[in-house]
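Below is one structure, written out as structure tokens, with a few remarks after it.
The values are calculated or read from the model by the stated rules, or taken from the named source; none is laboratory data. Keep in mind that what you see is a predicted model, and the values were worked out from it rather than measured. All Cβ positions, even for glycine, are placed from backbone atoms using ideal geometry, and neighbour counts span all protein chains on display. Accessible surface is based on the protein model in full, side chains and every heavy atom, while ligands, DNA and RNA are left aside. Shrake-Rupley method; radii C 1.70, N 1.55, O 1.52, S 1.80 Å.
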Amino acid sequence: MAPKDVSAILKQFRQELVEGDLLHDGDSIGTDDETLLRFLRARQFNLKNAKIMWTNCYEWRKSAEGVGIDELYRRIDPFDYPERDHVFKFWPLFFHKASMTMPTDPYLQPAYPPQTDKSGRPINIHHFGRINTTELYKGVSPDRFWQAFLVNADSLTREVLPAASAAAGERIDGTFVIVDLKGFGTGQFWQMKHLARGAFQVSQDYFPETMSQLAIVNAPSSFTAIWAVMRPWLAKETVEKVSVLGSNYASTLLKLIDADSLPESLGGKCTCDECGEQGKDKPEVGGVEGQVEMGRCAFSSAGPWLVGRQERKAAWLRGERDIALQPGELDKFLQKVTHTSEEPKTGEEAAPQEEETKAESESSVDDNSGPPTPAHEQNLSQVNVRDNGDLDKERPHGHALASGDTAKAGGEDHLDARISPPDDLHANA
């Protein structure tokens, strides 16, 4: 429970961080009040412990993988790196859409993705049944995979949540995580156990309070043993947000997510057929009994974080702006896409356009190198661990499997400022 004097504690926390040279304008860790509040909530508003957590995170961001998370993000684009499709095929984890307020401009309304989480939260989906580290490491090295995980985790606070907030018209601070265990067994769990634990540690220590809910679906009978191993990794606050469901989970998810936005593989209707170049054809699934059928949703990254991203990224790399979608930018970028040829020209206006179109058509035969068209983001709920439960309890604050809560809820326990890949990362290669 938050103390009554939150504003005073927040003010003091900010002052101590500034005086300790731990907070500067433009820091990618985030400098707004809500970011600071996430760290305070993660340590129950204990200033000393919150400052320790912030310091560890700040130092990790400077030293991650020997180059720092900012440089790593420049080198590996979480939405477009060469091995991404291979990684997602054998360790699928992806962000998928977010609810949006409709724009007032009627031309822009058809361009908006359908609503997903009805609270405006992006959905973070993990298909554990498809995890196969043997096949994974045939197409990506263990170190490269770990680095890709780190930038994917960082994309949540750097791009995904700001875009979700811009789309919803209000602050969105957490994700709705869905972990699908169809086809997942104890053999796979032991194969990826240390990697999963390392991922939890990074998420809880460096991206605290960014998971709002976690629904585990298609839980097999063996999950009781698996959960007994996993539960100690999680803070009490995280465990309280978890709901373990069996195979009859669809109706529960659909209370919170529109059917048109929930992937077809999870009982919804979304196939991401509208995602254009961002979507991929359905991959081949054969060879492993019980594997979930993944469609384009798993590869599309569909969501407001992709709106105008090519332009935003190019400007960010030039040092001209932050890469995140800012409030008010959504309509501007969508307008560039939808207003290019909305109304046909007539008379004198039509002839020049026809000539230009013809010239462009002829030149396109020899030149297809241009950039693709850009693709088209607090009250959060608390869930409890229970079989076939409902995800219906209200939670006052927002908190992904790729971005979780505090590693230990009670105090000063924290990891070393530089988390390395799990010890057995190379052993499984």
Accessible-area order (highest first, 1.4 angstrom probe) of the listed residues Ser141, Ser301, Ser63: Ser141, Ser63, Ser301
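Using a probe of 1.4 angstrom, how much of the accessible area of region 128-218 is carbon and sulfur, in percent?
Numbers: 1010 of 2160 Å².
Reported share for carbon and sulfur atoms: 47 percent.
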Whole-Hz couplings from phi, Karplus 6.51/-1.76/1.60, listed for region 159-168; x for Gly and Pro: 10, 5, 5, x, 5, 4, 5, 4, 6, 7
Residue-normalised accessible area of region 144-189, given per residue in Å² at a 1.4 Å probe: 21
Vicinal HN-Hα couplings computed from phi for region 63-76 (Karplus, 6.51 cos²θ - 1.76 cosθ + 1.60; Hz; Gly/Pro x): 10, 3, 6, x, 10, x, 5, 5, 5, 4, 5, 6, 7, 10
Protection proxy ranking of 145-156, 14-25 - average other beta-carbon atoms within 10 Å, highest first: 145-156, 14-25
Virtual spin-label span in nm between Gln12 and Asp25, 7 Å along Cα→Cβ: 2.8
25 Å Cα-Cα threshold exceeded, pairs from Lys89/Lys255; Lys89/Lys182; Lys182/Lys255; Lys97/Lys269; Lys89/Lys269: Lys89/Lys255
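Could you tell me the calculated FRET efficiency between Lys255 and Ser221, based on Cβ-Cβ distance and R0 = 25 angstrom, to the nearest 0.05? Intermediate results must be reported in sequence, preceding the final value.
Details: r = 25 Å, r/R0 = 1.02.
Efficiency for this residue pair is about 0.45.
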Inter-site label distance for Asp77 and Gln44 at 7 Å from Cα along Cβ, in nm: 4.5
